[in-house]
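Engineer: Structure below; questions to follow.
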Amino acid sequence: MGEMVDTVTTGIPASWGKRGTAAATFAARVQFKNICHSYGDVPTLKDVSFDLNPGEIVCLLGPSGCGKSTLLRIAAGLERQTSGRIFMNNQEIAGPDNFLAPEKRGIGLVFQDFALFPHKSILENVTFGLTSLGKSQSIVAAKAALKRVGMSQYEHVYPYVLSGGEQQRVALARAIAPRPLVLLMDEPFSGLDQRLRDNVRDETLAVLKETSACSLLVTHDPQEAMRMADRIILMREGCLVQVGSPKELYTNPVDIEAARFFCDFNELEGVVEAGHIKTAVGTVNTPELATGTNMNILVRPQGITISTTDEGLDGRIGNVRFLGECSLIDIHLANLDNPVQARIPGEIVEKQGDMIKILVDPAQIFAFPRKDN
Ligand code: ADP
Ligand code: MG
């Protein structure tokens, strides 16, 4: 039994349907303009503006409580903003004078807990939102969607007999069957165990791309956002912090918290002197900053490697932990009280106590002015 086994009932490997067979929808553009929201006196969203482009997959990423679900619920029409407007293909769907009912928005929803109707069969769950098609057409559309997610053989069973991964596939089929303009997904993979998650995520991504709907996907997991998104919207405390491609956010974080959100760092301190900072891991150029500015220096553990030549900074190996894919190595450097940590692929031959030379990739060093300057 391989990776694809995904059933508690039969043990039959249930693979997804043929790629490229999900029904396509019309391309839509959704615009969020100055969205504010509060629960009572407590603000949850503060002047949030962004666009979803046709066919684009955008991840709303941020820590728990930052307002992601609230924004998604506002887009769906399940919650109303305090102020601001939402447009879909230039038509206002939510604003001070307009409010289009959720079922009229052309939106497909997928939630973390799948939210299937327990007393309806799988087929009935998927035909539920298709009443406007008429009975026979709705069954055709539902069967096609179930086929695409590889769940045709379970049409007549009830949700409780399915595993979490299978229920989430049915929830996806239900969301795409009406050919929505926009798919809204709130932490859709959090309820799945790690072994299943990668498969469900990759196949879901393929389905989303095929439908050409634009998708807004909420997650608190930066790896998931990197893997799924064309664009990531990083949120913090109800505000948009940074919007960009996964690569832009990873390689060019706007501030220290944005950097820390994606990765563990070695954190050092330093002071700007004549356009650069001298640190224990090398010199960082900061031509635009004034001499005397106090800085936080962040160094990615994967940016530190052991030199195979005489070049590099002197170091002494401390603790070594082998994690399989990589080793985490503490390295003691001159002029630094605490060791820096390096993440090196595979296993290393060096032992604790060995003297080595290290190289640090300048692209993996980030410098931010300290808040207390
Ligand atoms: P996220 O999805 O990013 O975890 P939410 O949008 O669910 O965040 O919540 C944003 C903030 O609003 C949180 O501080 C949360 O406690 C609060 N909140 C969420 N739902 C309600 C509610 N129904 N009533 C009052 N406060 C709420
Ligand atoms: Mg949430």
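The values are calculated or read from the model by the stated rules, or taken from the named source; none is laboratory data. Since this is a predicted model, take the numbers as computed values, not measurements. FYI the Cβ positions are ideal-geometry reconstructions off the backbone, even for glycines, and counts take in every protein chain you see. The accessibility values were calculated without ligands, DNA or RNA, using every heavy atom of the protein model including side chains. Shrake-Rupley method; radii C 1.70, N 1.55, O 1.52, S 1.80 Å.
Engineer: So T211 clears everything in (1) open to solvent by 30 Å² or more (accessible area, probe 1.4 Å); (2) more than 15 Å from the chain's Cα centre (by Cα); (3) at pLDDT below 95; (4) not hydrophobic (A, V, I, L, M, F, W, C) except one condition, right? Which one?
Structural biologist: Unmet condition: (1).
Engineer: What residue, among those in the range 40-57 that are within 15 Å of ligand 1 (Cβ to nearest atom) and modelled with pLDDT of 95 or more, is farthest from P253 (Cα to Cα)? Spell out how you get there, then give the answer.
Structural biologist: If we filter the range 40-57 for residues that are within 15 Å of ligand 1 (Cβ to nearest atom), which is where we start, we get 40-46, 48.
This time we only want the ones that are modelled with pLDDT of 95 or more, so: 43-46, 48.
Details: P43: 25, T44: 23, L45: 22, K46: 21, V48: 19 Å.
The extreme case among them is P43.
Engineer: Have a look at R260, R236, R231, R197 and point out the one that is among the basic types (K, R), over 11 Å from the mean Cα position of the chain (by Cα) and open to solvent by less than 60 Å² (accessible area, probe 1.4 Å).
Structural biologist: R197
Engineer: Which numbered condition trips up D337, out of (1) part of a strand (DSSP E or B); (2) without any contact (Cβ under 8 Å) to a residue 12 or more places away in the chain?
Structural biologist: All conditions pass for D337, except number (1).
Engineer: Now, a different point. Take residues that are open to solvent by 10 Å² or more (accessible area, probe 1.4 Å) and either within 16 Å of ligand 2 (Cβ to nearest atom) or at positive phi (or both) and tell me which of the strands (runs of 3 or more DSSP E) falling wholly in the range 54-109 contain 1 or more.
Structural biologist: 83-88
Engineer: Looking for something crowded, with 20+ Cβ neighbours inside 10 Å, over 29 Å from P222 (Cα atoms) and out of contact with any Phe, Trp or Tyr (no Cβ under 9 Å at 6 or more places or on another chain) - is there at least one such residue anywhere in the range 296-310?
Structural biologist: The answer is no; no qualifying residue exists.
Engineer: Let me ask something else about it. Determine, yes or no, whether I74 is within 16 Å of ligand 1 (Cβ to nearest atom) and over 22 Å from L205 (Cα atoms). Can you show your working first?
Structural biologist: Values: within 16 Å of ligand 1 (Cβ to nearest atom): yes; over 22 Å from L205 (Cα atoms): yes.
Judged against the criteria, I74 is a match.
Engineer: Just to be sure I understand, how many residues within the range 156-188 are surrounded by fewer than 24 Cβ atoms within 10 Å (Cβ to Cβ) and within 16 Å of ligand 2 (Cβ to nearest atom)?
Structural biologist: Count: 2.
Engineer: Restricted to the range 113-141, and to residues that are touching a residue at least 40 places away in the same chain (Cβ under 8 Å) and at positive phi, which residue is surrounded by the most Cβ atoms within 10 Å (Cβ to Cβ)?
Structural biologist: For the range 113-141, the residue satisfying everything is F114.
Engineer: Could we say that G292 is away from ligand 2 (no atom under 16 Å from the Cβ) and farther than 20 Å from A367 by Cα here?
Structural biologist: The answer is no for G292.
Engineer: Can you find, within the range 292-334, the residue that is farthest from the chain's Cα centre (by Cα) among those that are hydroxyl-bearing (S, T, Y) and in a loop (DSSP other than H, G, I, E, B)? Lay out the reasoning, then the answer.
Structural biologist: The initial filter retains those residues of the range 292-334 that are hydroxyl-bearing (S, T, Y), namely 293, 305, 307-309, 327.
Next cut, in a loop (DSSP other than H, G, I, E, B) only: 293, 307-309.
Numbers: T293: 34, S307: 34, T308: 37, T309: 39 Å.
Among those that are hydroxyl-bearing (S, T, Y) and in a loop (DSSP other than H, G, I, E, B), it is T309.
Engineer: Taking only the range 340-373 into account, find how many residues are assigned to a strand (DSSP E or B) and either surrounded by fewer than 16 Cβ atoms within 10 Å (Cβ to Cβ) or among the hydroxyl-bearing types (S, T, Y) (or both).
Structural biologist: Qualifying residue count for the region: 3.
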